[in-house]
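One structure is given here, and the rest of the page talks about it.
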């Protein structure tokens, strides 16, 4: 991948969501059990990235930041895409992260937040009839992801496994 100029980078922090248009790149770092969700419209070259920490806003006592949760992040992304005239059937959705980061928590435990984040995204996207075009989820390692809004490709970077495009 060619070197990207700094002014084209849009940083997505933890519990955050950002939108952008080509030639920008959306990037989030340090996805562990958090879920990185990307939406892309290849016609408008418009995209979104969320860095969601928890699965379900409806069971949370604190609802002040919709971007903390997988289900409310997806709803907000869909609303923005609709507002910008990007039809659902054109959305290219991809999922990243959801790792099992703590070995002292069994993988089938209710405390396995990574898997719960993945499961919630799969259910919500299916309910919305949005197909998942690619994913790099699970495992026991962190990820950094970059969504190229020119191409719709996501570069996944890991310390252990190197880089790959999804």
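Structure notes:
- Gyration tensor (alpha-carbon) shape descriptor, the range 114-166, a/c threshold 1.5: oblate
- Sorted by Cβ density within 10 Å, fewest first, the residues 120, 58: 58, 120
- Most mobile listed residue (57, 37, 145) in the chain, GNM with C-alpha springs under 10 Å: 57
- Once Rg and Dmax of the Cα atoms in Å is calculated for the structure shown, the corresponding label among (i) 15.0, 46; (ii) 18.4, 69; (iii) 30.1, 88 turns out to be (i).
- Contact order for the chain, expressed relative to its length and based on alpha carbon pairs under 8 Å spaced 6+ residues apart, stands at 26 percent.
- Ranked for footprinting exposure by Cβ neighbours inside 10 Å, fewest first, 86, 34 give 86, 34.
- When 60, 73 are sorted by how many other C-beta atoms sit within 10 angstrom of their C-beta, beginning with the fewest, the order is 60, 73.
- Calculated FRET value between residue 89 and residue 58, using beta carbons and R₀ = 25 Å, to 0.05: 0.40
- In a fully extended conformation the segment linking residue 155 and residue 141 would gain 3.5 nm over its present Cα-Cα distance, using 0.36 nm per residue.
- For the chain, built as a Gaussian network whose Cα springs stay under 10 Å, the top-fluctuating residue of 79, 121, 48: 79
- FRET efficiency, residue 80 to residue 8 (Cβ-Cβ, R0 30 Å, nearest 0.05): 0.90
- Given R0 = 25 Å, the distance between the Cβ atoms of residue 165 and residue 21 translates into a calculated FRET efficiency of 0.75.
Since every read-out is calculated from the coordinates, none of them should be taken as a lab result. Given the structure is predicted, the values throughout are model-derived calculations rather than measurements. Because the Cβ atoms are built from the backbone with ideal geometry, glycine has one as well, and the counts that use them run over all protein chains shown.
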